[in-house]
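See below for the structure under consideration.
The values are calculated or read from the model by the stated rules, or taken from the named source; none is laboratory data. Note that the structure is a prediction, hence the values are computed from the model and not measured. Backbone-built Cβ (ideal geometry, glycine too); neighbour counts: all protein chains shown.
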């Protein structure tokens, strides 16, 4: 069974008297364990699609099932729980809390889940070790490089062991060398930990790390290419 099943999703925005179709009858199925790049120019619909996958926005019509559950039928509290348990988010701007350590940033999703402090600390340490930052757990974000901050964000995204990682331009603020290091961690999460990853990027060299590339244009999927092994 597919982890993500989107069918005939339409999202329309109104600006004054004009209507704009950000998603135009989009259907896409993503299996467990896939590593998918979502590509397209600004305004192509890729961000709208990702916001829907992350349950941060709903389509006007169509359906979205995650792990067999109808996301469009859930209320705000249920959706917040889905985001906490089933999804890990990685953003272009890292989204770390500046006055807290790397360890405390990684612990955050577990606080919302109500996990006891000792277990939180242990699991956060394990997540930081996976991304190679076990010696940085007491550092504040401003004491770390951009690449290290993004790795903290990846550790935070995986600490609740969600099946799905949603990454929005995760290398957008990083130089080429650091981007390669970060993408190698995503490959590790996919191949060694079995995470399903959906990653938005406009950079072809970043999409090269993914096993499938879906391209959006004018609210439509114009190509869907699975790479040969």
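Brief remarks follow.
- Residues located in region 195-205, provided they are touching a strand residue (DSSP E or B) at 6+ places or on another chain (Cβ under 7 Å) and either within 12 Å of residue 171 (Cβ to Cβ) or surrounded by fewer than 18 Cβ atoms within 10 Å (Cβ to Cβ) (or both): 199, 200, 201, 202
- Which numbered condition residue 96 fails, given (1) surrounded by 15 or more Cβ atoms within 10 Å (Cβ to Cβ); (2) at pLDDT 95 or above: (2)
- Only one of the numbered conditions (1) at pLDDT below 95; (2) surrounded by fewer than 23 Cβ atoms within 10 Å (Cβ to Cβ); (3) out of contact with any strand residue (DSSP E or B) (no Cβ under 8 Å at 6 or more places or on another chain) is not met by residue 139, and that is (1).
- In region 34-54, the residues that are over 27 Å from residue 162 (Cα atoms) and surrounded by fewer than 20 Cβ atoms within 10 Å (Cβ to Cβ): 41, 42, 43
- For region 68-82, the criterion of being modelled with pLDDT of 95 or more, closer than 22 Å to residue 14 by Cβ and under 17 Å from the mean Cα position of the chain (by Cα) is met by none of the residues.
- Annotation note: of 5, 107, the sole residue that is within 30 Å of residue 135 (Cβ to Cβ) and either at pLDDT 95 or above or in a helix (DSSP H, G or I) (or both) is 107.
Table: residues versus (1) buried (at least 16 other Cβ atoms within 10 Å of the Cβ); (2) more than 25 Å from residue 189 (Cβ to Cβ).
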{"site": "14", "(1), (2)": "no, yes"}
{"site": "21", "(1), (2)": "yes, yes"}
{"site": "32", "(1), (2)": "no, no"}
{"site": "59", "(1), (2)": "yes, yes"}
{"site": "66", "(1), (2)": "yes, no"}
{"site": "73", "(1), (2)": "no, yes"}
